[in-house]
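What follows is calculated from the coordinates using simple rules that are stated; it is not laboratory data. Bear in mind the structure is a predicted one, so any value in this text is a computation, not a measurement. When we count neighbours, we look across all protein chains shown, and the Cβ atoms used for this are built from the backbone with ideal geometry, even at glycine.
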């Protein structure tokens with residue numbers, strides 16, 4: 001489930017995302033990567049962007065930068081410096097202020113941050129039922145995989161992780177489906193922010209009805225310098241979800257995670273390509289894959 005903003009057409013976007021994901025798996029388990037290369041059909045891009053926005057993006061300018069991030073597996077001193085730069089810390093501060101006082105959004109000087117909050121609000125307001133259509137993509141995909149009795153991994157980036165979380169809540173509490181997601185993998189996610197948590201579909205409820213109850217394992221990966229991943233301690237914010245059995249675990253990286261994606265504007269620690277080819281993503285997919293293989297036996 002990709003993040004917000006117009007994306008390239010799915011036919012050209014999906015292969016690049018898959019390419020990055022396979023590389024992340026290669027860094028964790030080369031044999032797994034070889035298996036995935038033989039089974040590209042297990043990957044589905046749920047392209048809600050294609051109808052949520054009235055335009056698409058040209059992937060051409062991104063291709064050399066995708067090639068570059070695939071060549072790099074560890075941060076160098078420049079990456080660490082840029083991810084921890086004053087500018088990145090200032091953006092995080094602004095985002096934190098807007099998260100707690102959303103009426104100040106119009107005063108934020110950074111257009112990208114303002115757009116992030118405005119697009120999230122557009123989703124929550126469900127203009128023209130577009131949010132429902134986006135959630136339906138997840139509901140249908142998970143339901144189909146459950147009927148086929150295959151292990152299910154739902155991956156959500158940025159606002160896509162919010163849509164996926166809401167969709168799993170709807171699948172559980174509205175559809176009353178028995179489907180279970182083996183791995184919910186999120187990165188660059190704003191699910192820990194006050195603005196988002198207060199607007200989720202289950203926010204008005206209490207106890208187990210507040211959360212989806214169909215996630216067996218949740219892995220969240222926030223990158224250093226990614227201001228969208230505002231509140232990184234998901235286990236604290238979603239402690240009640242653990243208490244009521246909505247998921248059995250919420251895991252995060254033991255140390256700092258650096259998203260190495262760069263383009264002509266410098267380091268961009270929020271881009272999905274940089275997350276997907278990271279070893280931590282590969283390790284999460286590896287654990288999910290091995291659990292599925294053991295279930296077959």
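General remarks:
- For segment 10-296: relative contact order, % (alpha-carbon pairs under 8 angstrom, 6 or more apart): 26 percent
- In range of the label at residue 76: residues from segment 254-297 whose backbone nitrogen is under 14 Å from the point 7 Å along Cα→Cβ: 260-263, 267
- Comparing mean-square fluctuations of 282, 266, 274 from a GNM of the chain with C-alpha springs under 10 Å, the top value falls on 266.
- Average projected area [Cα convex hull, segment 10-296], square nanometres: 14.9 nm²
- Gaussian network model of the chain, springs between alpha carbon atoms under 10 Å - residue of 76, 243, 41 with greatest fluctuation: 41
- Span from the segment 206-281 Cα centroid across to the segment 1-78 one, whole angstrom: 18 Å
- Residues 57, 31 in ascending order of nearby Cβ atoms (within 10 Å, fewest first): 31, 57.
- Cα-based shape type of segment 1-79, given that a ≥ b ≥ c are square roots of the gyration tensor eigenvalues and the cut on a/c is 1.5: oblate
- Computing FRET efficiency as 1/(1 + (r/R0)^6) for residue 140 and residue 243, where r is the C-beta to C-beta distance and R0 is 25 Å, gives about 0.25.
- Most mobile listed residue (59, 174, 155) in the chain, GNM with C-alpha springs under 10 Å: 174
- FRET efficiency, 1/(1 + (r/R0)^6) with R0 35 Å, evaluated for residue 204 and residue 115 via beta carbons: 0.80
- For the pair residue 127 and residue 55, the difference between a 0.36 nm per residue extended length and the Cα-Cα distance amounts to 24.2 nm.
- Of every Cα-Cα pair in segment 104-225, the percent that sits beyond 25 Å: 24 percent
- Over all directions, the projected convex hull of the C-alpha atoms in segment 186-263 averages 5.6 nm² in area.
- Per-residue Cβ neighbour rank within 10 angstrom, fewest leading, 63, 221: 63, 221
- Among 129, 227, a tally of other beta-carbon atoms within 10 Å of each Cβ gives an order, fewest to most, of 129, 227.
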